[in-house]
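Notes for the one structure printed next.
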Amino acid sequence: MRPMIPLCLHDKEEIFSFLKKNVYLHIYSIGDLDDFFWDYTTWYGSRKEGELKAVILVYSGSYTPVLLALTDELSHMKDLISSIVHLLPPKFYAHLSPGLEELLRGQYRLKSFGKHYKMALKNRKLLSAIDTSCVIQLSKKDLGEIETFYKKSYPNNFFDARMLETNSYYGIRASSSLASIAGIHVYSKKYKVAALGNIATHPDFREKGFATAVTAKLCTSLLETVDHVGLNVKAGNEAAIHCYSSLGFEVVCHYEEYIAEL
């Protein structure tokens, strides 16, 4: 059998037509089609009889590149990964559908960060029951305070200061300092998607409902311009899953996260 020849994809509409078949599985990748992220993306794909069957994204807009290889049809994705392994960075963070990690082990050392869920905002009516009167919108002028907050409250998170330009970060102040923040990793008004991220509460202010309030305000705001809101959460993070479920999010699939290094 002839080896599959991978394609480097450049047509946004072709990629989007494929990804939108399962919006919440691919919500990060769909958001990265936006001009705001596009220059940091490399797309690989495979076709059969002219039709796209698998798509992989390598996003280079973070300190460590991120590979998104998510699928509900493993056979095509396995063939695609095998054909591009030699093209991948020497070190990257990977989001992989279960079973795909074995295709990297031959060349990469993998450190697992465990099972994660993708959750989708399905029951939007629950948002209106949350009191968000104490929530404020954050902006670029708050950058220094936000960075200080994350160092204390969420030291291992990835925060891209550019995302403040979307006006989609919200917080609560207590004792004159930020006590809780909810923001986004991906947002696209054009493609009508948003993926939440950077949600955290200062250790001194947890179990007060602050994370629920800031996330509810954020979702309500996002729904003015997007149709689909999703997020990723570690499967063992019961407190976060409970918070998101109370806001109308539901688990739609799971995947694994890894650091891969030659």
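Quick check on my filter: what residues within the range 164-178 are in contact with a Phe, Trp or Tyr (Cβ under 7 Å, 6 or more places away or on another chain) and at pLDDT below 95?
The first filter runs over the range 164-178 and keeps only residues in contact with a Phe, Trp or Tyr (Cβ under 7 Å, 6 or more places away or on another chain), leaving 166, 168, 172, 174, 178.
T166, A174 - these are the residues of the range 164-178 that are in contact with a Phe, Trp or Tyr (Cβ under 7 Å, 6 or more places away or on another chain) and at pLDDT below 95.
Does S133 meet the test of being of a type outside the set (A, V, I, L, M, F, W, C), on the phi < 0 side of the Ramachandran plot, assigned by TED's automatic domain parsing to the domain that holds L70 and not in a helix (DSSP H, G or I)? Lay out the reasoning, then the answer.
Working: of a type outside the set (A, V, I, L, M, F, W, C): yes; on the phi < 0 side of the Ramachandran plot: yes; assigned by TED's automatic domain parsing to the domain that holds L70: no; not in a helix (DSSP H, G or I): yes.
Criteria not met by S133.
Taking the range 23-78 as the range and being part of a loop (DSSP other than H, G, I, E, B), under 29 Å from K122 (Cβ atoms) and of a type in the set (D, E, K, R) as the test, the residues that pass are D32, D34, D72, E73. Once the range 173-224 is narrowed to residues that are on the phi < 0 side of the Ramachandran plot and assigned to a loop (DSSP other than H, G, I, E, B), the residue that is surrounded by the most Cβ atoms within 10 Å (Cβ to Cβ) is Y191.
The values are calculated or read from the model by the stated rules, or taken from the named source; none is laboratory data. The model shown is predicted, which means the values in this text are computed figures rather than measured ones. Glycine gets a Cβ as well: all are built from the backbone with ideal geometry, and neighbour counts include every protein chain shown.
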